[in-house]
Structure formats: C-alpha cells, structure tokens
1. If you line up the long axis of helix 81-91 against the longest principal axis of the chain, both from Cα atoms, how many degrees apart are they, to the nearest 10?
2. If each residue of separation counts as 0.36 nm, what is the full-extension length gain between Lys316 and Lys223 once their alpha-carbon separation is subtracted?
3. Which log10 I(q)/I(0) values does the chain give at q = 0.09, 0.10 Å⁻¹ under the Debye formula, counting every alpha carbon as one identical point scatterer?
4. Note the full-extension length gain between Glu158 and Glu332 as 0.36 nm times their separation in residues minus their Cα-Cα distance, in nm to one decimal.
5. Could you give the alpha-carbon Rg of the range 1-139 over 2.2 N^0.38 Å, rounded to two decimals?
6. Any chance you could check the Cα centroid distance between the range 26-64 and the range 188-236 for me, in angstrom?
7. With a sphere of radius 14 Å drawn around the Cβ of Glu91, what net charge do the other residues whose Cβ falls strictly inside it have (Lys, Arg +1; Asp, Glu -1)?
8. Tell me the net charge near Leu46. Cut-off is 14 Å between Cβ atoms, Leu46 excluded, with +1 for each Lys or Arg and -1 for each Asp or Glu.
Amino acid sequence: MKILVTGAAGFIGFHLVMELIKGGVELIGLDSINDYYDVNLKYARLAETGIQQTNIPEDGTLVFSEIYGNYRFIKTDITNLPKLEELFKQENFTHVVNLAAQAGVRYSLENPHAYVQSNVVGFVNLLECCRNYKIAHFLYASSSSVYGANAKIPFSEEDRVDHPVSLYAATKKSNELMAHTYSHLYNLPTTGLRFFTVYGPWGRPDMAPMLFATAINKEEAIKVFNNGNMERDFTYIDDIVEGVARCITALPNKKLAVVYNIGNSKPVKLMDFISCLENELGKKAEKNFMPMQDGDVKRTWADTTALEKNVGYKPKINLDKGVANFVNWFKEYNRDI
C-alpha cells in the first residue's frame, strides 16, 4: 500500500499523516501551504512529521522526512494538473486521501473564486489522476455543511442535501456528485466523509475553539453568534483520524461510491463548549452576543450508524477530555509566542 494524503499540512491532514506513518505505511504528503491562515502553524505541523521548512523545495520536488523513513512531502497545489500527473506517474499510489480544500464557510462569502479553484478544479484534477492511474480507493473530505438548514435531526446520509446555504457547502456537495459520477463511469471506488466540527490540538485558528481560546487567554471579548443559540456535533480529532484510517482499506460495499457522516453523534450547546474552555483556561470569557451569520446553521448532529456498521467507527473521547487535551496543547504552543 502506498498512500497520497493531500492537505498534509492542514489540521486533519497532519493528524492523519502522523497516524499512518507511525503505522509503517509508505506515504507522501502534499500541501500548497497557502496563507488562508498563519503558515507558521502549518510549518510547525510539518516539522512534527520531520519536514523542516528550510528543506522544502519551491520547485515541487519531494523531500524526505528527517524522522520517518516512510514519509516524504511535496509542496504543490492540486490545481496544478501537470505536476499531479507527474507525481501519480512516478509514485504508483494505491490509495489517495484528499483533505486539501479551501476551508471556511464565512470566507467563501468574501473569496468565492478560491473555493471554485481548490474545491472544484483541484478535485476534478485528482479524480482524473485516480482514474488514469488505477487508484484502488479514493477518499475525500466532504462536510456537514452540505445539510444546509435541514430541520430534521440527526442528519442522515439518506437526507436530501439540495439546499446548501454557503458556497463552501455547494462545492462539497459538488465533490460528492463528481465522485459518484467517476465511480459510475470508471469503476473508481470513492468514499466521501462528511466531517462534523472537528477540534483538538493543532486545530485551525479560524475555527471557534482556537478563536475562543485565544481571546479568553488574552482577556478579549469573544463573538458568540446567534446569541449563543447554537449546537455543534464537536468531534475530537483522534476519533476522526481513527475513522478515516479505518475507511482507507474498507472499500464501498455493493456500490462503488459511498458517503458517510463522521461525527460524535452528541450535539453540544455552544455555551457549554465555552464553559469547558473557561474551566480549562481558568478564565472567564467576555462575550459579545451577535446575530446569526450568513451561511451558518443553528445545529449540527451526525447520525453515524452507517459508518459504525461498515467500519466499526465509534468515538471515544468525551468533551471534557477533548477540551482538556486541546487546552494543554494550546498553552504549550503559545508559551513562547
């Protein structure tokens, strides 16, 4: 088995890379290291995998990890089709996990073209390479945002997802449709994973856990949208990574294209999550209550029955433990900043 993981300097990608390389899998990570958020965090994640910033070539050639002999990294963009084709031809991958994407619901309102390029053009490029180079299984990140403002809960893969409320969600829905088409036309096994509010160490600075922790630590006000009347299916990163790793070797049953929810199946009130952060940080948050943001939803809740049945996925980390782990990392990472 030889795996390509795109988005390897990202939050979920980094944790998946660490899990796989410690398991002895031959692995190549790919990332464009764009500046959507602080690149220093991305380079710090890469350093944990033995890839030092000063050693990364800008010409898109591979660099070996200084720690793990089974890991190499390439800095390039999935929108660069010639470079992707060269990589696929050279490396003979058996499996591909696509975690590269322009992330963020609210940012999609400001910069729609970035989402079309990365999440649509880049996605098609990967599908073409997987088709042409006979990849055994293509996994990709979808999102709970495809459910839009669905009132029925918990969210099930059987629900209709025809009414996205952000461009980000629309691009993720398009990924599912394109993957289904390639599976149908070219017998390419594909698995889409609808992630639900992932949090934990090395998390993204544009997401609520990091935004809240940073503000509380600095004794600055946090923005609490919809006046705090929000619920999220917060899912700890280790549980997510275990689920993704299980899916890599679990080919879709009966049909070639499947989509799974991957979450904690226990929605948490946003105010309760903030309380956990306050307890761990030892500080109270000053809260600015704000109206609902465009493109946002009030509640997410994953029905993970299908993933549990087909790959044995079962989240283990409760909110108190997960937040404690996140805050411990947060304090350590920010100690010298």
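The values are calculated or read from the model by the stated rules, or taken from the named source; none is laboratory data. Just so we're clear, the structure is a prediction, and the values are computed from it rather than from any experiment. Neighbour counts are summed over all protein chains in view; Cβ atoms, including those assigned to glycine, are modelled from backbone coordinates with ideal geometry. Surface areas here come from the heavy atoms of the whole protein model, side chains and all, with no ligands, DNA or RNA. Shrake-Rupley method; radii C 1.70, N 1.55, O 1.52, S 1.80 Å.
1. 70 degrees
2. Numbers: separation 93, 0.36 × 93 = 33.48 nm, distance 2.96 nm.
Value of the extension gain: 30.5 nm.
3. -0.45, -0.56
4. Values: separation 174, 0.36 × 174 = 62.64 nm, distance 4.21 nm.
The Glu158-Glu332 span can extend by a further 58.4 nm.
5. On the way: Rg = 14.2 Å, N = 139, 2.2 N^0.38 = 14.3 Å.
Relative to the 2.2 N^0.38 Å estimate, the range 1-139 comes out at 0.99.
6. 23 Å
7. On the way: positive: Lys2, Arg72, Lys83, Lys89, Lys134; negative: Glu26, Glu85, Glu86.
Here the count lands on +2.
8. Working: positive: Lys42, Arg45, Arg72, Lys75; negative: Asp31, Asp38, Glu48, Glu66.
Combined, the nearby Lys, Arg, Asp and Glu give 0.
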